[in-house]
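Comments concern the structure below.
The values are calculated or read from the model by the stated rules, or taken from the named source; none is laboratory data. Just so it is clear, the structure is predicted and the values come from calculations on it, not from any experiment. Cβ placement follows ideal geometry from the backbone for every residue including glycine, while neighbour counts extend to all protein chains displayed. Ligands, DNA and RNA are excluded from the accessible area calculation, which covers all protein heavy atoms including side chains. Shrake-Rupley method; radii C 1.70, N 1.55, O 1.52, S 1.80 Å.
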Amino acid sequence: MRRLLILLLLGAPLWAQPISLNHLKTNTDNFPELVQTSLLALGNSGEPLQNLSGANFQVRFGGSEVDTLLNVATFEDSRQGLSILICVDASGSMRGQPLNSVKNALLSFIGEKRNNDEIAILAFAEQPELVCDFTTDTEFLRKSVANLKILPGDTSLYYSLDKGLDRLSGPGAKNEGRFLILFSDGREDNPAQAYTIDKVIEKARGKQIPIFTAGYSTQRKQYLQYLERIAQETGGSYYNAPDPPSLSGHFGKVRRQILGSYTISYPVFEVAGDGLAKDLSVILSQDGYQAEFAAPIQVRVPANKAPLPRPAEGKDYQAGRRKISLGWILGILAVVLAAGAGLFFWLNGKKKKRLAEQRRQEEEELTRQERVRLEADRQRAEEERLRLEKARRESETRGQKPRSREHTIILNPGSGTGESRAGSGRGLSLEVLMGTEQGQVFKLGAEGATLGRARENSIVFNDPTVSSRHARIYWSDGQFYIEDLGSLNGVFINGQKVTLSRIENGSTFKLGSNEGVFRLL
């Protein structure tokens, strides 16, 4: 018996697997100069291996040995954000302590997330229900977890996983690093053949999304084997929870596994980009132990990419790459800056010419419109002057003052010479025919007057379009004159905007919205 125990102890290293290696994702957008492969390297306790370097990895891509690793870094070291979708089985079998334990585990998981990590939560039973879409808002996530509840119907595990993968690979997830975490008892009650475990695994591998699974069941534990298979074949890890409270510790481990995953960056020599899938193999070595993929990973490369020649023996690709890159970058920058400066000045010159031509056309159009408007104003003013003169004469014939108009009249410019001066006295009246002071008649003598909205003016217009000190009227050399005092809306005599104008008998005026006619007394 003792001899058997000794043999067992001596042979233990032969079947023990102290380290493991899972493929998460490979990015070939910049093939062959740069390929990036993300890996999950774990110890036998399920914790991520630390302090790995290029010396720990052997890579073979498309049948070619990769002997140059440009960079090896964990997700945490690179500080890149993560997009994580958490799928929670909320069917009736999870009622009570299992669901409550999941809530507590999620709250702990959310509390440890980094600021740039976003999380979405999907609950499912017969149908998947998005409890919370991708967000970095920790408080909103906590409230969403509190709203988790048991959903009606049987369990559609694979259908819900399929929809979760669509959500995680869609535009809602903003980060490059994408992971799915599943908690379930592994039971599948949906008889539909369109959604099976094989199709879910195929879809996850095609989208390069690893699935981390946690299983708990008090009944048919054989279903948990499906969760283990999903994790193994998509690059994630599996945890069999002995009891619901242990989930909190496991979710923390999953977080450490994700952040401790490695991304290795490398060039691929002597392999052409033909749009086909290539074999990728990686061997991890640490402390005398080795781990590798169960089978080579199929990675598709871009088409129409010439193979990258292998550097001459004794030459370091990375050093040469920096040297060449620096020279080319400086040259390209110089050319780009020169071309950019030339383009800027050319476009700026064209813009200035275009703006100058546009201003010239606008000024010509304004001048034309102004001429047309002035001509129309003169015609209307003359008609208005004749109408007012006719009304005055009819009023004098009847021996009564013309009554104020009961409808709005827009006064237009007149010549102001329709009749001779009414007298040689030094009196003037302003008859307001429309506006805020309609019906008012203001009289003044040679002392003149100031006109405006302010109370200290001789003639006050309660009109917001009239300035506080709008204009003044004064007597000089036997004539009355009106002068604009810098008003905002101007002074119009006989339809013309004036700064200083002589007042003739019958001249029309416009101050703000008030319009009327001058009478010499």
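On the given criteria, is SER93 under 21 Å from PHE251 (Cα atoms), open to solvent by 30 Å² or more (accessible area, probe 1.4 Å) and in contact (Cβ under 8 Å) with a residue 12 or more places away in the chain? Steps first, answer last, please.
Numbers: under 21 Å from PHE251 (Cα atoms): yes; open to solvent by 30 Å² or more (accessible area, probe 1.4 Å): yes; in contact (Cβ under 8 Å) with a residue 12 or more places away in the chain: yes.
Criteria met by SER93.
Of (1) over 16 Å from ASN505 (Cβ atoms); (2) surrounded by fewer than 20 Cβ atoms within 10 Å (Cβ to Cβ), VAL441 satisfies all except one. Which?
The one condition VAL441 does not meet is (1).
Does LEU165 meet the test of being under 26 Å from PRO245 (Cα atoms), hydrophobic (A, V, I, L, M, F, W, C) and either touching a helix residue (DSSP H, G or I) at 6+ places or on another chain (Cβ under 9 Å) or open to solvent by less than 10 Å² (accessible area, probe 1.4 Å) (or both)? Spell out how you get there, then give the answer.
On the way: under 26 Å from PRO245 (Cα atoms): no; hydrophobic (A, V, I, L, M, F, W, C): yes; either touching a helix residue (DSSP H, G or I) at 6+ places or on another chain (Cβ under 9 Å) or open to solvent by less than 10 Å² (accessible area, probe 1.4 Å) (or both): yes.
No; evaluated as a whole, the condition is false for this residue.
Kindly indicate the residue of segment 483-512 that is of a type in the set (A, V, I, L, M) and either assigned to a loop (DSSP other than H, G, I, E, B) or over 17 Å from ASP463 (Cβ atoms) (or both) and also most open to solvent (accessible area, probe 1.4 Å) among those meeting that condition.
LEU488
Taking interchain pairs and intrachain pairs at least six residues apart, which have beta carbon atoms under 6 angstrom, with the first residue in segment 63-76 and within 13 Å of GLN50 (Cβ to Cβ) and the second open to solvent by 40 Å² or more (accessible area, probe 1.4 Å)?
Matching pairs, first to second residue: VAL72/SER53.
Tally the residues that are closer than 15 Å to LEU69 by Cβ and surrounded by 15 or more Cβ atoms within 10 Å (Cβ to Cβ), restricting the search to segment 261-307. Don't jump to the end; show me each part of the working.
We begin by selecting, within segment 261-307, every residue closer than 15 Å to LEU69 by Cβ; these are 262-269, 280-285.
Subsequent filtering for residues that are surrounded by 15 or more Cβ atoms within 10 Å (Cβ to Cβ) retains 262-269, 280-282, 284-285.
Of the residues in that region, 13 qualify.
Please indicate, with yes or no, whether at least one residue in segment 280-288 is in a loop (DSSP other than H, G, I, E, B) and within 24 Å of ARG178 (Cβ to Cβ). Break it down into steps so the answer makes sense when it comes.
Step one: list which residues in segment 280-288 are in a loop (DSSP other than H, G, I, E, B), which gives 287-288.
Still in the list and also within 24 Å of ARG178 (Cβ to Cβ): none.
Among the residues of segment 280-288, not one is in a loop (DSSP other than H, G, I, E, B) and within 24 Å of ARG178 (Cβ to Cβ), which makes the answer no.
THR450: modelled with pLDDT of 70 or more, at negative phi, not basic (Lys, Arg) and not in a loop (DSSP other than H, G, I, E, B), yes or no? Write out each step before concluding.
Values: modelled with pLDDT of 70 or more: yes; at negative phi: yes; not basic (Lys, Arg): yes; not in a loop (DSSP other than H, G, I, E, B): yes.
Yes; evaluated as a whole, the condition is true for this residue.
Quick one: in segment 208-243, of everything that is among the basic types (Lys, Arg) and part of a helix (DSSP H, G or I), which residue is nearest to the chain's Cα centre (by Cα)? If you could, list the steps in order and put the result at the bottom.
Filtering segment 208-243 down to residues among the basic types (Lys, Arg) leaves 220-221, 229.
Next, only the ones that are part of a helix (DSSP H, G or I) stay: 221, 229.
Numbers: LYS221: 47, ARG229: 40 Å.
Selected residue: ARG229.
What is the number of the single condition among (1) farther than 30 Å from LEU157 by Cα; (2) without any contact (Cβ under 8 Å) to a residue 60 or more places away in the chain that GLN80 does not meet?
With respect to (1) farther than 30 Å from LEU157 by Cα; (2) without any contact (Cβ under 8 Å) to a residue 60 or more places away in the chain, GLN80 is out only on (2).
From (1) out of contact with any strand residue (DSSP E or B) (no Cβ under 8 Å at 6 or more places or on another chain); (2) open to solvent by 60 Å² or more (accessible area, probe 1.4 Å), pick out the condition that doesn't hold for THR196.
THR196 satisfies every listed condition except (2).
Just need a number here: residues in segment 146-168 that are part of a helix (DSSP H, G or I) and more than 33 Å from the chain's Cα centre (by Cα). Walk me through how you get there before you give the answer.
So in segment 146-168, the residues part of a helix (DSSP H, G or I) come out as 146, 157-168.
Subset that is more than 33 Å from the chain's Cα centre (by Cα): 157-158.
Number of matching residues: 2.
Residue by residue through segment 77-109, note down the ones that are farther than 15 Å from GLN127 by Cα and assigned to a strand (DSSP E or B).
Hits for segment 77-109 are LEU82, SER83, ILE84, LEU85, ILE86.
Counting only residues that are without any contact (Cβ under 8 Å) to a residue 40 or more places away in the chain and closer than 16 Å to THR213 by Cβ, how many does segment 247-281 have?
1
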